[in-house]
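Following: one structure in structure tokens, then a few remarks.
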Amino acid sequence: MNNLVVFTNDNTVVIPQTEQKQSSAANYIVYVLLAVVLAFVIGYLIWKLVKNKVQKKKLEKIEAKKAEETLSSYYEYILSFEEVIKYAQNELKNFEVSIGDRTMGEIKNGSKKLLYKLISRDDFASSFVNNEQYKTFVEHAELINITPCNLWDKKIPETIKYFADQYELVPEGEKKQNYLELVRKSIENQYYA
């Protein structure tokens, strides 16, 4: 039998082999536990360092997507405003006092109602109000909304020009054409309703 013999100054101690095995097994368990704890600490530190970068990239992606959606919504609003302006101006051009099918009050109320619907939508406030990039748009939208359509050319010609200019900047494409068809139908159906 291989026993471990330890010599000391005053006594000789003999450690049986079974105690040696238990001691090495205990050391092995301690080393494994220390390795697991060390791996956990290193993993935690790496996660802390990488987490901020990952969150920053996610936030940038979300902001870019929101900016793209807001721009798309902006184009839709520009198209809608310009189509309401064109329709109201056409109605005013064809208006004949006491002879025509519509009264001036009906023409003014129709444009006011449609423009009010546009700026009252939830996405208008959440996308454009308090957004510095769209400050001019919001100001013109408010101006055209509070001014009767028969006074647009006299009181707010810069607003009418603004919407006409922005209308020309909307990218051409199938989406624009489809949206314009929907807007025109909607204006036809709701202007005097």
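The values are calculated or read from the model by the stated rules, or taken from the named source; none is laboratory data. Just so we're clear, the structure is a prediction, and the values are computed from it rather than from any experiment. Positions of Cβ are backbone-derived with ideal geometry, glycine not excepted, and every protein chain shown enters the neighbour counts.
For the stretch 160-172, what are the residues that are in contact (Cβ under 8 Å) with a residue 12 or more places away in the chain and either more than 27 Å from the chain's Cα centre (by Cα) or not assigned by TED's automatic domain parsing to the domain that holds residue 111 (or both)?
Result: 160, single match.
Answer with yes or no whether residue 19 is surrounded by 10 or more Cβ atoms within 10 Å (Cβ to Cβ), of a type in the set (Asp, Glu) and modelled with pLDDT of 90 or more. Can you show your working first?
On the way: surrounded by 10 or more Cβ atoms within 10 Å (Cβ to Cβ): yes; of a type in the set (Asp, Glu): yes; modelled with pLDDT of 90 or more: no.
Here the answer is no, as residue 19 does not meet what is asked.
Would you mind finding the one in 120, 127 that is touching a helix residue (DSSP H, G or I) at 6+ places or on another chain (Cβ under 9 Å) and among the polar types (S, T, N, Q)?
That would be 127, the only listed residue that is touching a helix residue (DSSP H, G or I) at 6+ places or on another chain (Cβ under 9 Å) and among the polar types (S, T, N, Q).
Looking at the structure I just gave you, is residue 151 within 18 Å of residue 75 (Cβ to Cβ), out of contact with any Leu (no Cβ under 6 Å at 6 or more places or on another chain) and either assigned by TED's automatic domain parsing to the domain that holds residue 79 or not in a loop (DSSP other than H, G, I, E, B) (or both)?
The answer is no for residue 151.
Of all residues in the stretch 78-127, count the ones that are outside any helix (DSSP H, G or I) and either closer than 18 Å to residue 183 by Cβ or modelled with pLDDT of 95 or more (or both).
So the answer is 1.
Under 11 Å from the mean Cα position of the chain (by Cα) and either surrounded by 10 or more Cβ atoms within 10 Å (Cβ to Cβ) or without any contact (Cβ under 8 Å) to a residue 60 or more places away in the chain (or both): does that describe residue 53?
no
Does the stretch 41-61 contain any residue that is outside any helix (DSSP H, G or I) and small (Gly, Ala, Ser)?
No, there is no match, as no residue in the stretch 41-61 is outside any helix (DSSP H, G or I) and small (Gly, Ala, Ser).
Among 169, 151, 180, which is the only one that is surrounded by 14 or more Cβ atoms within 10 Å (Cβ to Cβ) and of a type in the set (A, V, I, L, M)?
180
Within the set of pairs 6 or more residues apart or between chains, which connect a residue that is in contact (Cβ under 8 Å) with a residue 24 or more places away in the chain and within 19 Å of residue 114 (Cβ to Cβ) inside the stretch 173-193 to a residue that is surrounded by 14 or more Cβ atoms within 10 Å (Cβ to Cβ) and aliphatic (A, V, I, L, M) with Cβ atoms less than 8 Å apart?
Listed pairs, sorted by first residue: 179/79; 180/79; 183/79; 187/84; 187/114; 190/114; 191/114.
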